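Notes follow the structure.
No value in this document is a laboratory result; all are computed from the given coordinates. Small disclaimer: the values here were computed from a predicted structure and weren't measured. No Cβ is skipped: glycine too gets one built from the backbone with ideal geometry, and neighbour counts run over all protein chains shown.
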Ligand code: SF4
């Protein structure tokens, strides 16, 4: 019997496995790719690890640092989990298939770190011909930066989030022409350092626009773009066509939680990931979650941190026969907070809260009224996750709930 | 002739909008920054913008068909196309270790960031 089966060998899963091993647990790490690292090996740009490793690394380098510290962890790649069986709170099974066949292994706890999936063209309302040349940003990145294949020559990118912008740079560097980045919202989605890419390569950014149609015979030939008003409604008569052979969709990520929702784990519609307590335990005791399966992060550093937290949760669970906190205080979303995790805190330990705002604001106070905590911030943006430490002592000031809200600085 | 460059400063999360006014290759005015670090960064951005460049090069006999590489230091932005066409001609043989020097470009090492 394993103490922990970690599902997913990306940064969250590897960090969880390493921490769990350090805490003396018997760990099995499963990943369905034939290499570890999740999406990191294809994220060849720098900007990773400044918090976690205190040095700036590329994605593959970040992954390598974790990979070379897995001694004592049983690792299986090409191992796809088919099912989680929650036999009882203290005994679970993980069923996976691998080149060795289908296996069903017993474990005390599970750390679920299966990452996220990308939204595809048909999920964002793009219609038209069934043609080749339509990729998600991650697919295009895998093609280019793992397999060395150029997806196309004249490219339109949907979405100005970090992944879309980073791909715009990669395409431009490799000699493709990025004809436009199309963003639905009236502001760009990515971090400022990535928005610079547009200027570096003279790439036009269309804010408040969307791609609605793709046309071509066999391959993408042109895409139809339309302007939207402040309620994101299409403005009639504003349509125009852009000639392109490739459409790349970078329209956000959705936590990959199917294996969890199959067994009744409660999902928070605003994060898309499970509802968790301050041990990152889901609504099923002994099943923990970390990384982009918990909520979409913008820094891998926080993903790895969540992996460690989940491992510490698993250790406590095994030692005490459960996470035995008696009183849970709910974290409530107030003004301009779109999502927050964890959802319940105990006041028995310090916690990191991860939150995102709905819309950009300047000169604000991030406030927790029930406990009298106020943090001034010059700016908040949906693209930049807020990460706030609540101390156990502060949490105990509250009775049943703690609201998190962002209001104007008075 | 004056030319105005507008940047969002990326040195810290405050993201100030900095405007640099240039006249005849000289800085005439610079405004919008909140701290000296931002000012310095904006000047560098106008006078001599530099970037770390990353790419992949094909690898023979490796686990994956390519190995990812980066410049060891930022290089001048206008040298990037030259660097990219040099990289386009390179092929390496496995095994490659992280940190291996794959090539050199005007004194800047191109190093592998992935194993192959
Ligand atoms: S100018 Fe200074 S304060 Fe403003 S964003 Fe740049 S570094 Fe931050």
Which percentage, to the nearest 5, of the DSSP beta bridges contained in the protein assembly as shown is antiparallel?
65
If packing is taken as the average number of other Cβ atoms within 10 Å across a peptide's residues, how do A:270-278, A:68-76, A:182-190 rank, most packed first?
A:270-278, A:182-190, A:68-76
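Percent relative contact order of segment A:28-132, based on C-alpha pairs within less than 8 angstrom and at least six residues apart?
21
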Average partner chain C-beta neighbours within 10 Å, per residue of B:15-27?
1
Whole-angstrom gap from segment B:67-90 to segment A:271-331, using each part's C-alpha centre
42
Could you work out, residue by residue across A:183-195, how many beta carbons of other chains sit within 10 Å of that residue's beta carbon, and then give the average as an integer?
2
Two-site label geometry, residue A:330 and residue A:365: point separation in nm, points 7 Å out along Cα→Cβ
2.5
Give the Rg/Rh ratio for segment A:71-202, taking Rg as the radius of gyration of the Cα atoms and Rh as the Kirkwood radius, to two decimals.
1.12
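Other chains near A:46-53: what is the mean number of their Cβ atoms within 10 Å of each residue's Cβ? Intermediate results must be reported in sequence, preceding the final value.
Working: counts 8, 1, 0, 0, 0, 0, 0, 0.
Whole-number average of other-chain Cβ neighbours for A:46-53 is 1.
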Report the Cα-based extents of the protein assembly as shown along its three principal axes, largest first, to the nearest Å.
73, 63, 49
In whole Å, what is the distance between the alpha-carbon centres of segment A:97-171 and segment A:375-410?
33
By average Cβ neighbour count within 10 Å, what is the ranking of A:42-51, B:79-88, B:45-54, B:105-114 from highest down?
A:42-51, B:105-114, B:45-54, B:79-88
Quote the relative contact order of chain A in percent (integer), defining contacts as alpha-carbon pairs under 8 Å separated by 6+ residues.
15
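If the chain between residue B:97 and residue B:79 were fully stretched, how many nm would it gain, using 0.36 nm times the residue separation less the Cα-Cα distance?
Details: separation 18, 0.36 × 18 = 6.48 nm, distance 2.65 nm.
Length gained between residue B:97 and residue B:79: 3.8 nm.
Rounded, prolate or oblate: pick one for chain B, where a ≥ b ≥ c are the square roots of the eigenvalues of its C-alpha gyration tensor, a/c under 1.5 means rounded, and failing that, prolate if a/b is larger than b/c, else oblate.
It comes out prolate by the Cα gyration axes.
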For segment A:297-360, how big is the tail of P(r) above 13 Å, as a whole percent of Cα pairs?
71
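If R0 is 30 Å, what FRET efficiency do you get for residue B:60 and residue A:298 from their C-beta distance, rounded to 0.05?
Computed FRET efficiency for residue B:60 and residue A:298: 0.25.
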Ordering of A:26-38, A:243-255, A:207-219 by burial proxy (mean other Cβ atoms within 10 Å per residue, highest first)
A:243-255, A:26-38, A:207-219
What shape does segment A:137-179 have by the C-alpha gyration tensor, where a ≥ b ≥ c are the square roots of the eigenvalues, rounded means a/c under 1.5, and otherwise prolate means a/b greater than b/c and oblate the rest?
oblate
Can you give me the Cα centroid spacing of segment A:1-67 and segment B:16-41 in angstrom?
41
DSSP beta bridges in segment A:1-131 [antiparallel fraction, %, rounded to 5]
55
For the pair residue B:19 and residue A:120, the simple spin-label estimate (label points 7 Å beyond Cα toward Cβ) gives in nm 4.8
By the Cα gyration tensor axes a ≥ b ≥ c (a/c under 1.5 gives rounded; else a/b larger than b/c gives prolate, otherwise oblate), the shape of segment A:30-84 is prolate
Pop the C-beta distance of residue B:26 and residue A:150 into the FRET formula with R0 = 45 Å and round what comes out to the nearest 0.05.
0.60
